[in-house]
């Protein structure tokens, strides 16, 4: 088995690459290094290039004997996607379609795709199920849904089968503190909590404390990045065994509020988290967390890490790598 991992030098990609290698599979990483870090993939075979280069993709697949793919490569800043939609449609959608063309030409039939819970928009109910209404509220989310649909048509018209993984909130760092998220580029809550806690940023902004939730702050589903990586391995195993195309949520199945994150950070680290309450952001749902029963039933996957594990690994990573992978 050899797995082509696009975007494998990024946060989730590099941690997943390492786990996939530990299963005995060969890997080859394709990344532009626009947002990734070469050193994050260690001594794994690496090609610097773009998924939109169909000829390059086909050549990599043939030279490395690729028979399965994990596709992470994408832009993912929601705000930027609304300001520069062309960038997102061209890179995320057109780039992915050119990737799939190259894979199809090379005879690759198994793809695991990194999607997002953002395709649900403001959920009509929680926990969110895969067959709930899809209501994208950003260009970023729409690009992910368009790629999902593209893969759906490849499943109908070619021999390609795919697993779509709709992530909730990936968080934390590797247990050995060698791989983690670069807070300089992150829009996620926990890196911002750590940045404020460690004194590298002003007080954390808590967007609203008047939601209809137990403590008034927004509730989300935080999944440890190593559990997320394990979901990709389980997805590859599903396809290898001949499993059909499937779409699965990847989350813990319960929600955690912003104040609970702050409280857990103070408990785990023994430090105060400076924060201030500011107005809600437009479009932020009160609650969004996964129904993860489908992925459990299909793959036997369940998350192993607790919220405290997320906080402890994030704190260890950010306190030792304030400048990201280069520090």
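Readers should treat all values here as calculations from the given coordinates under stated rules, not as data from a laboratory. From a predicted model like this one, the values you see are computed outputs, not experimental measurements. Reconstructed Cβ throughout: ideal geometry from the backbone, glycine too, with neighbour counts over all protein chains shown.
Observations, loosely collected:
- Against the chain, whose longest principal axis is taken from its Cα atoms, helix 225-240 shows a tilt of about 30°.
- Tilt relative to the chain, helix 307-320 - C-alpha long axis, 0 to 90 degrees, to 10: 90
- Between the stretch 27-56 and the stretch 261-327, the alpha-carbon center distance in angstrom: 27
- Computed over the chain with a Gaussian network model linking Cα atoms closer than 10 Å, the most mobile of 185, 224, 305 is 185.
- Ranking of 54, 17 by count of other Cβ atoms within 10 Å, fewest first: 54, 17
- A simple spin-label model places pseudo-atoms 7 Å from Cα toward Cβ; at residue 80 and residue 159 they are separated by 3.8 nm.
- Pairs of Cα atoms in the stretch 233-292 fall into 5 Å distance bins, from 0 up to the last occupied one, in shares of 4, 12, 14, 15, 14, 13, 9, 9, 7, 3, 0 percent.
- The stretch 137-232, relative contact order [Cα under 8 Å, separation at least 6], %: 27
- Stretchable slack from residue 105 to residue 323, in nm (0.36 nm times residue separation minus alpha-carbon distance): 74.4 nm
- Compared with the rule-of-thumb size 2.2 N^0.38 Å for a compact globular protein, the stretch 1-148 has a Cα radius of gyration ratio of 1.06.
- Residue of 102, 251, 199 that the Gaussian network model of the chain assigns the largest fluctuation, springs spanning Cα pairs under 10 Å: 199
- With contacts taken as Cα pairs under 8 Å at a separation of at least 6 residues, the chain carries a relative contact order of 19 percent.
- Each of residue 184 and residue 59 was given a label point 7 Å from its Cα along the Cα-to-Cβ line. The distance between the two points is 3.1 nm.
- Extension gain for residue 254 to residue 267 (0.36 nm times residue separation, less C-alpha to C-alpha distance): 2.7 nm.
- Between the Cα long axis of helix 139-157 and the first principal axis of the chain there is an angle of about 30°, rounded to the nearest 10.
- Inter-label distance, nm, simple model (7 Å from Cα along the C-beta direction), residue 306/residue 135: 3.6
- Theoretical FRET efficiency, 1/(1+(r/R0)^6), r = Cβ-Cβ of residue 124 and residue 279, R0 25 Å, to 0.05: 0.55
- For the stretch 163-289, the ratio of Cα radius of gyration to the globular rule of thumb 2.2 N^0.38 Å stands at 1.20.
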